[in-house]
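The values are calculated or read from the model by the stated rules, or taken from the named source; none is laboratory data. Computed from a prediction, not measured in an experiment: that's the story for all the values here. All Cβ positions, even for glycine, are placed from backbone atoms using ideal geometry, and neighbour counts span all protein chains on display.
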Amino acid sequence: MSDLYLPRTAVIDQRTQESPTIFTLRMQFEDDHAQQAFDFSPGQFNMVTLFGVGEIAISIVNDPQDSHFFDHTIRVVGRVSEGMSGLRPGDRVGIRGPFGRGWPLDEARGKDVLLVTGGLGCAPLVSVIRYLMNRRDQFGHITILQGVKHSSDLIWREQYDIWSREHEVKVLLAADVVTREWRGQQGMVTELIGELNLRIGRAIALLCGPELMMMAAIANLRSMGLADNQIWFSMERNMQCGVGQCGHCQIGPKYVCRDGPVFCYSELADFMGTKGF
Amino acid sequence: MARDGAIQFAEMTSVEQLSPGLTNEQQPGRYRLRQGDGDRLFDWNHGPQGVKPHCFSPREVLWSEQGEPLRFQPRLPAQAPIALVGVRACDLAALSIQDKHFLHADAPDPHYRQRREQLLLIGVDCAHSAETCFCVSTGDGPALDGGYDIGISELDEGFLLWPGSDKGQTITDRLALQPADDRQLESMLRISTQAAEEQQRSLPQPAELRRLYRRLEHSHWQDVADRCLACGNCTAVCPTCFCYDTGHEMSLDGENAQMVRQWDSCFSAGHSYMAGLLVRANVLQRYRQWLTHKLAGWQEQQGRTGCTGCGRCISWCPVGIDLTQEAAAILREGSVDV
């Protein structure tokens, strides 16, 4: 029986500083067979081990068709991610995964897709945006709403510009605090939702970001008539095992690591907004 | 056997180490061994631990790593075969729940499996119930109902013994056993019926317990939180609680490290730590997490509650919190479902 806790080594190929606190590591498994066998879907995550320091859950942000590498975009928030910010090409980490349930791609196929994200460039959502952009003919209109606290926090700005020039793709940016050169809206990203012409019945919404932002977005979407089973979002909790065993990530009866991290609103409606879950 | 004032599974070399006549008194926040009448060997119920630590180790190394170049080495436990003698029905039910959790088809835990496969389980029917027992209401006791290799019922005149598995059968085949007569079989039934009738506590039925999730704002949660010390004794003695924490331990020279896992508790602050904040910052939220998961969430996860009625969380709670009473109060009192 394979040891589900044992990481495999991966080598860092490339490191990109995205913002003062956010960086992306492109890596591949040391073992070619492991790299070839590595198959994931957008929204899934790996457990990444930094030698002697710790192991954390990080979503995979590249397109699954990139078979020779995988990317992790990491924000420095704690001890382990801070240690990882010091990694350079040629350094090694341990990888377990991929884990969890990703975005509902089959459900979204043929539909208009609304993507709502807040915070510092939400990595789990970027993975699915890339997936949609690379398969543009399979999906309807795409609308990306990206909110940040301060306009200088936005990463992947050039990428958003490129996406916004695609056919039937709309990118709307909002920042609470703006600088003079900001071309987006000032205010909350959730305020933008009301201005959309959602084609209810053929639209699906994918959300990622702080829970309060997502709850506000969900309330807006529901009031516009979007069905609960067409609202999907990615959750974050303390994750240690990745396979629904260590018990930390539970929200009610759901394991975020195994049943999620992407959930349909109808699955978690009873617990969203209840403190302590 | 008795050790440090409690019944424990410990290495035994002779049958004399099973104290004849020993019994236990268990009440909310109280556990005492006492010499009872007679010389029966299994008149006690249980000590603080069931089978759990023998499969799911309280602390173990999952793997080790070296830094230069980075390499990971598996560290599976080298477990010698052990026989646990005197396992109760509630603990066998709990073991079956833990088996489902750790040997779940999608992600079987090789460490748990290694230990689990080395166990020989000698079960025994309970002849008495402690004041804290409520296994009748959960459907898990007091008589054995599967999950053991050899079953035992202790009569005044000796033991009735039967195989519960192929492994058990190979052992009983080699013993010089007399067939039990009708009178002995009647005694066996009478003993466990009597033990069942002694039970004073009961847990509401599963369908009712699922309603706990609809009472998350009930005022009684604060009432329990005001008494609960969040010490984690209940989760440590619970035979089904499975939460664990993993962490790296570095060698002093910095060249090697190992991944260690140890039992965690949803009452600890770090249990809900996420990116610099605590999802469950106070005692109310932690007790509510424990009780709702144990009694309601588990039903969706495993098809039954995570409670087998052993009552340990009641006996070993330093302030005597009784989950049967708390659950009933939250389901009964005041507010309507939301």
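Being assigned by TED's automatic domain parsing to the domain that holds A:Thr143, free of Cβ contacts under 8 Å to residues at least 24 places away in the same chain and hydrophobic (A, V, I, L, M, F, W, C) is a property that A:Cys246 has. Residue-level analysis places A:Val93 outside the set of residues that are touching a residue at least 60 places away in the same chain (Cβ under 8 Å), over 30 Å from A:Pro7 (Cβ atoms) and of a type outside the set (Ser, Thr, Tyr).
Only residues that are out of contact with any Pro (no Cβ under 6 Å at 6 or more places or on another chain) and more than 9 Å from chain A (Cβ to nearest Cβ): list them for region B:263-275, please. Of everything in region B:263-275, those that are out of contact with any Pro (no Cβ under 6 Å at 6 or more places or on another chain) and more than 9 Å from chain A (Cβ to nearest Cβ) turn out to be B:Ser265, B:Phe267, B:Ser268, B:Ala269. Checking each residue in region B:267-282 for being part of a loop (DSSP other than H, G, I, E, B) and not basic (Lys, Arg) picks out B:Phe267, B:Ser268, B:Ala275, B:Gly276, B:Val279, B:Ala281, B:Asn282. Residues being of a type in the set (S, T, N, Q) and assigned to a helix (DSSP H, G or I) are represented in region B:10-19 by at least one member. From the residues in region A:1-22 that are more than 13 Å from every other protein chain (Cβ to nearest Cβ), more than 13 Å from A:Pro89 (Cα to Cα) and in a strand (DSSP E or B), which one is modelled with the lowest pLDDT? Per the criteria, the residue is A:Ser19. Restricting B:Lys100, B:Lys52 to residues that are in contact with a Cys (Cβ under 9 Å, 6 or more places away or on another chain) and either closer than 29 Å to B:Pro163 by Cβ or not assigned by TED's automatic domain parsing to the domain that holds B:Gln26 (or both) narrows the list to B:Lys52. Based on this model, can you work out whether B:Thr240 counts as within 12 Å of chain A (Cβ to nearest Cβ), among the polar types (S, T, N, Q), crowded, with 19+ Cβ neighbours inside 10 Å and touching a residue at least 40 places away in the same chain (Cβ under 8 Å)? It is true that B:Thr240 is within 12 Å of chain A (Cβ to nearest Cβ), among the polar types (S, T, N, Q), crowded, with 19+ Cβ neighbours inside 10 Å and touching a residue at least 40 places away in the same chain (Cβ under 8 Å).
Only one of the listed residues (A:Gly242, A:Gly252) is within 14 Å of chain B (Cβ to nearest Cβ), buried (at least 22 other Cβ atoms within 10 Å of the Cβ) and small (Gly, Ala, Ser). That residue is A:Gly242. Here A:Ser59 meets each of (1) in contact (Cβ under 8 Å) with a residue 24 or more places away in the chain; (2) of a type in the set (Gly, Ala, Ser); (3) more than 10 Å from every other protein chain (Cβ to nearest Cβ); (4) not in a strand (DSSP E or B) with one exception, condition (4). For region B:294-314, which positions are within 12 Å of chain A (Cβ to nearest Cβ) and under 17 Å from B:Gly232 (Cβ atoms)? B:Lys294, B:Gly306 - these are the residues of region B:294-314 that are within 12 Å of chain A (Cβ to nearest Cβ) and under 17 Å from B:Gly232 (Cβ atoms).
For every residue, the table says whether it meets (1) touching a His at 6+ places or on another chain (Cβ under 9 Å); (2) within 17 Å of A:Asn238 (Cα to Cα).
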site	(1), (2)
A:Gly43	no, yes
A:Phe51	yes, no
A:Ala57	no, yes
A:Val61	yes, no
A:Pro64	no, no
A:His68	no, no
A:Val76	no, yes
A:Arg79	no, yes
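Taking the listed residues B:Glu249, B:Glu198, B:Glu208, B:Glu217, the one that is surrounded by fewer than 18 Cβ atoms within 10 Å (Cβ to Cβ), within 9 Å of another protein chain (Cβ to nearest Cβ) and over 29 Å from B:Phe56 (Cα atoms) is B:Glu217, with no other qualifying. Taking region B:83-124 as the range and being within 11 Å of chain A (Cβ to nearest Cβ), over 14 Å from A:Cys246 (Cα atoms) and assigned to a helix (DSSP H, G or I) as the test, the residues that pass are B:Pro110, B:Arg113, B:Gln114.
Residue-level check: of (1) assigned to a loop (DSSP other than H, G, I, E, B); (2) under 30 Å from B:Glu326 (Cβ atoms); (3) charged (D, E, K, R), B:Arg174 misses just (2).
Please go through region A:69-104 and give me each residue that is surrounded by fewer than 18 Cβ atoms within 10 Å (Cβ to Cβ) and assigned to a helix (DSSP H, G or I), ordered by number. Result: A:Arg79, A:Glu82, A:Gly83. Taking the criterion of being farther than 28 Å from B:His101 by Cβ and among the charged types (D, E, K, R), the residues of region B:38-70 that qualify are B:Asp39, B:Arg40, B:Asp43, B:Glu68. Looking at region B:200-266, the helices (runs of 4 or more DSSP H) lying wholly inside it that each contain 3 or more residues that are more than 30 Å from B:Gln66 (Cα to Cα) and within 19 Å of the chain's Cα centre (by Cα) sit at B:233-237. Restricting attention to region A:9-39, and to residues there that are in contact with an Asp or Glu (Cβ under 8 Å, 6 or more places away or on another chain) and within 18 Å of A:Phe51 (Cα to Cα), which single residue is surrounded by the most Cβ atoms within 10 Å (Cβ to Cβ)? This residue is A:Ala10.
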